[in-house]
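Shown next, in structure tokens, is the structure this report addresses.
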Amino acid sequence: MAENLVIVESPAKAKTIEQILGKNFLVKSSYGHVRDLVKNDKGIDIENNFQPLYEISADKAKVIDELKKLSKKAKTVWLATDEDREGEAISWHLFEALNLDKKNTKRIVFHEITKTAILEAIENPRFIDMHLVDAQQARRILDRLVGFELSPILWKKVKPSLSAGRVQSVSVRLIVERERELEAFNITSAFKVTAEFLIDKKAVLKADLTERFPTEEGAQKFLEKLVGAQFKIADMEKKPGKKSPAAPFTTSTLQQEASRKLGFSVAQTMLVAQKLYEAGKITYMRTDSVNLSKLALDAAKAMITKEYGKDYSNPKQYKTKSANAQEAHEAIRPSYFDQPTVEGERNEQRLYDLIWKRTIASQMSDAELERTIVSISNNKTKDIFTATGEVIKFDGFLRVYMESSDDETKEETASGLLPPLKKGQDLPLVAITATERFTSPPARYTEASLVKKLEELGIGRPSTYAPTISTIQKRGYVLKEDRPGKERAFTVLTLKADKIKHDQKQENYASEKSKMFPTDIGTVVTDFLKENFKEIMDFGFTAAVEKEFDEIAEGHVKWAKMIKDFYGPFHKTVVQTEKHSERATGERVLGIDPVSKRQVTARIGKFGPLVQISDGREDEKPQYARLRMGQRIETITLEEAMDLFKMPRNVGQFEELDVTIAIGRFGPYARHNNMFFSLAKTDDPYTIDLDRAIEIIKAKRQADIEKVIKTFKSNDEVQVLKGRWGPYLVVSSQNYRLPKGTDAESLTLDECLTIAKTTTPSFSRGKSKANDKNKKIVAPVKVAAAKKSAPKKKSAAKTSKKK
């Protein structure tokens, strides 16, 4: 047994560190958090100064047992979890759960998994920083209180199974408000004028007119003035310029750039970055610091000088813009600058390449540019056309890397590398075009631009961005998807050879790629929370809470007082809202049904957004229809709503029987001969035709034939079928798993009946399948969990006492 036991969070990290430390050190993983707030009630003793009640997670019982045995045999236990608040809290939970002795327990932290960093950490151990633990606990407790008290309100006032969260709710608010900005945006058009001139009978020079014309008539009159005009270069101005490299990556800037350059989601970026960190290839990936260590600066300088020359090296230390930056970490950088590439999965290689280039570029010289502005006059009007060009005199950091931009509305201008020109030079005109251009509304958020906005507002921290964005999508408040654009016509006027030509052209606009759209339920929940919980939904208040967490981490504020100050007013609002607020459905009156003359409304129902025809009388039977994909309560029209009531649709006959299309509780389907056939996600129930419906019916029939492995003539209630996870047995409408190693094709009827007698069925088939599934699978899981947690509450659950 090794004298030293080192405990980290992940097996991959453990493996890397064990290779560095050698035989005297045994490195084990806790597999993340080992304790959490008890699930019963809030897990917080509110009356006892908000003391948290913890229990060992059910899936970590064996891990804790093993670590206890190993820790008793070790002379020294080294807690080497991550260096942020979350990591500090994991170390404290391990200390408590393993009943470690402070005398032989040491806490070590390192920003990179390299031999130098780890040996330096072992030479400079400390104990657990309870200020950091308190900051993490305060966040966990506050978020549990908000979630446990707000969610039941939403169940009663909006819809069952909803949830709310301190950071997730303001994130959804941003997306809802951006959508409303887009809906309210008034698109206007104007004509942009561009001229093309021939230089030396071969090169073409493009120049723009600064003025834009709001109408086609204005653009037409302008072009008429320039019929027969002569053009020349009135002035040329050269201005030196420079471009500076971006700072090294923080968590949020890495997420943004990986989204723009690699197409990664925020969660994917963090997953890949964690693998790189745990393999010792990059520094810690959760940081809001742009600082680089002296060692890193020297290594970068050496690399740049060797590969590109001393003129390209310009060492600099960047300052973190965020006033609330957490612990003094380094930026995300390569562990070894002399490794431009690494082995591993393709996405690991791509992300590492991005990190390496960004870090190296940050320590390189500015790019030196020369910008030329050419002013072109004419003999008919005083209007000036302008051409701009840029020449790179010294590429500097651009030799390695150029940062991307989120700006989707940036318009092309007549610029680029200019041909040789001189003042007074005559310019033969090729053509002048006046093109109709439309204003663009604010762009919808991508995951990365939402992270950027949250960071600007001071909401959340590096460790919270990815889980927040994942949560709002899992809860169904936000959809991330691509949407096709729309077609629109635009006008182009062209002056060429002293003649003006009019053209009508088509363009695609408003196409969306991986954008975040609010759902109806997300919108209704946002409005309800904004009306009743103004502080929780206030950006400034949420940012102020983050600052208080920072102050707790620094030891300036006591966590319990901070929670108490928050909880008092918050709980009072919860009680008042539960008593006095109206149910929120987002209901919107669309108009009157032209046939029945009853009112048509759109609202949130038990199973989601719907439209309803009803006068509200108790004796009437309302008509309901679900909204289609892409339709929203706030924007659906009466005409669109009436189309939804055309279900079920009879699309024709197949095998002399009707084929009807309808939408049920579990989605759209085709019905034929009293059989039901689910439509694919790509099928629109409102437009699907008979040919496609027959294709679906035939495909399902074939799948059913291929599903049957064996049947028995003497007992048609027994079948051996092929399922999603392999062969299984059906006896009297009950499903049974086959024993391991069973040859499904050779089973006899007696063997099948024996299996049915000696095995518990998985779930019932037929009409009551959903109900039986709930009874046999969901309920036992809940009961088992309750039984397991009961004894643990006495032994494992305990109150964390604060000194």
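I'm checking a number: the convex hull volume of the Cα atoms of region 527-644, normalised per residue, in Å³. What is it?
147 Å³
Measuring with a 1.4 Å probe in the full set of protein chains, what accessible area per residue, in whole Å², belongs to region 1-129?
Heavy-atom SASA per residue in region 1-129 reads 46 Å².
Highest first, please rank the peptides 347-355, 623-631 by the mean number of other Cβ atoms sitting within 10 Å of their residues.
347-355, 623-631
Can you pull out the chymotrypsin sites (Phe, Trp or Tyr not before Pro) in region 653-700 whose DSSP state is coil and whose Cβ has at most 11 other Cβ atoms within 10 Å?
Listed in order of number, the matching sites are F666.
Compute log10 of I(q)/I(0) for the chain with the Debye formula, placing one identical point scatterer on every Cα and leaving out solvent, at q = 0.06, 0.07, 0.08 Å⁻¹, to two decimals.
Ignoring solvent entirely, the Cα scatterers give -0.59, -0.79, -1.00.
Straight-line reach from K707: which lysines have Cα under 24 Å away, leaving out those fewer than 8 places along the same chain?
Correct list for K707: K681, K698, K722, K740, K757, K767, K769, K773.
Using a probe of 1.4 angstrom, how much of the accessible area of the chain is carbon and sulfur, in percent?
50 percent
Calculate log10 I(q)/I(0) of region 137-254 for q = 0.19, 0.20 Å⁻¹, where I(q) comes from the Debye formula with a single equal point scatterer on each Cα and nothing for solvent.
-1.15, -1.18
Treating only the Cβ atoms of Lys and Arg (+1) and Asp and Glu (-1) as charged, compute the dipole magnitude of region 113-254 about its Cα centre; round to the nearest 20 debye.
The dipole of region 113-254 has a size of about 180 debye.
Using alpha-carbon pairs under 8 Å, 6+ residues apart, how would you state the relative contact order of the chain in percent?
For the chain, the relative contact order is 12 percent.
Taking the alpha-carbon centroid of each part, what is the distance from region 219-236 to region 696-740 in angstrom?
Between the Cα centres of region 219-236 and region 696-740 lies a distance of 80 Å.
In Å and on Cα atoms, what radius of gyration and Dmax does region 475-590 show?
Just the Cα atoms of region 475-590 yield Rg and Dmax of 25.5, 80 Å.
How large is the direction-averaged shadow of the alpha-carbon convex hull of region 162-222, in nm²?
Result: a mean projected hull area of 8.8 nm².
Per residue, what accessible area does region 444-522 have, given a 1.4 Å probe and all protein chains present, in Å²?
Per residue, region 444-522 has an accessible area of 48 Å².
Quick one: putting +1 on the C-beta of Lys and Arg, -1 on the C-beta of Asp and Glu, what dipole do you get for region 128-199 around its Cα centre, in Debye to the nearest 20?
Dipole of region 128-199, to the nearest 20 debye: 400 debye.
Compute the whole-percent fraction of alpha carbon pairs in region 228-361 spaced more than 26 Å apart.
Cα-Cα pairs of region 228-361 separated by over 26 Å account for 31 percent.
How much mean residue ellipticity at 222 nm does the chain get from its helices, if each DSSP H run of length 4 or more adds -39500 (n - 2.57) and you divide by all residues, to the nearest 500 deg cm²/dmol?
One gets -11500 deg cm²/dmol as the mean residue ellipticity at 222 nm.
Can you give me the C-alpha center-to-center distance between region 167-212 and region 245-279, rounded to a whole angstrom?
Centre-to-centre (Cα) distance: 29 Å.
When ligands, DNA and RNA are left out and all protein chains stay put, how many square angstrom of accessible area per residue does region 326-390 have with a 1.4 Å probe?
41 Å²
Please report, in debye to the nearest 20, how large the charge dipole of the chain is about its Cα centre when each Lys and Arg carries +1 at its beta carbon and each Asp and Glu carries -1 there.
Using only the charged Cβ atoms, the result is roughly 2260 debye.
Would you be so kind as to identify which of A234, A80, T760 lies farthest towards the positive end of the dipole of the chain, taking Lys and Arg as +1 and Asp and Glu as -1 on Cβ and the Cα centre as origin?
It is T760.
Mind checking which of I592, V272, Q506 is farthest towards the positive end of the chain's charge dipole, using Cβ charges of +1 (Lys, Arg) and -1 (Asp, Glu) about the Cα centre?
So the residue we want is V272.
Got a sec? Charge dipole of the chain, +1 on Cβ for Lys and Arg, -1 for Asp and Glu; which of I64, I113, P484 is way out at the positive end?
I64
At a 10 angstrom cut-off on C-beta neighbours, averaged per residue, how do the peptides 120-129, 701-710 rank from highest to lowest?
Top of the packing list down: 120-129, 701-710.
List the lysines whose alpha-carbon lies under 24 Å from that of K393, not counting same-chain residues fewer than 8 positions away?
Counting by Cα, and skipping residues close in sequence, K393 has these lysines nearby: K206, K238, K239, K242, K243, K301, K306, K310, K316, K357, K422, K423.
The values are calculated or read from the model by the stated rules, or taken from the named source; none is laboratory data. Since the structure is predicted, the reported quantities are computational estimates derived from the model, not experimental observations. A quick note on method: Cβ atoms are made from the backbone with ideal geometry, for glycine too, and the neighbour counts reach across all protein chains shown. These area figures cover heavy atoms from the full protein model, side chains too; ligands, DNA and RNA do not enter into them. Shrake-Rupley method; radii C 1.70, N 1.55, O 1.52, S 1.80 Å.
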